[in-house]
Amino acid sequence: MQPNLPTITDWTQFWIQQAMILIGIIIAGFFAWKTWKSTQFNNQIYTDEILISARKEYRNIAIQFFDNPKLATMVKQCQEDVLNAYELACKLYLENALDKKSFKSLRKNEIIELFACRNYRNEPTYKRLHDKDNPYRSIETVYNEFKL
């Protein structure tokens, strides 16, 4: 009795099955990549909204502050909100949750100016960012990457 060897038809079916599996993997990979890019885009929109909102609120409060010195606490809170928004955006950038190329082109000058504070070194924002207990490490890391 001879062993049951695979026939050409069996090999053809085997390779067709393997090709179908490979096509399925490629299609799944494509959709995973599209989902990841979509998530990056949504994160980009979300961080843009947060940054714009925080800066707008800060400007509105700062304008009122000049007319009313009792609003100093509110201005400080708004500064913290702006720094927190930038910290979140920088953290997402470092975690590759944002498209690095578009984030860098949109935010490079803002982050360099925010961290360097060349024009206003006496402001609380500068002091807060350069304090040795600085909680805004992501901003500092992105600044160091962008200034090169």
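Things to note:
- Take the conditions (1) exposed (fewer than 15 other Cβ atoms within 10 Å of the Cβ); (2) closer than 19 Å to residue 114 by Cα; (3) modelled with pLDDT of 70 or more; (4) not charged (D, E, K, R); residue 42 misses just one of them, which is (2).
- Unique match (being under 30 Å from residue 145 (Cβ atoms) and either assigned to a helix (DSSP H, G or I) or modelled with pLDDT of 70 or more (or both)) among 15, 36: 36
The values are calculated or read from the model by the stated rules, or taken from the named source; none is laboratory data. Computed from a predicted model, the values in this text were never measured in an experiment. Don't worry about glycine lacking a Cβ; one is built from the backbone with ideal geometry, like all the others, and counts go over all protein chains shown.
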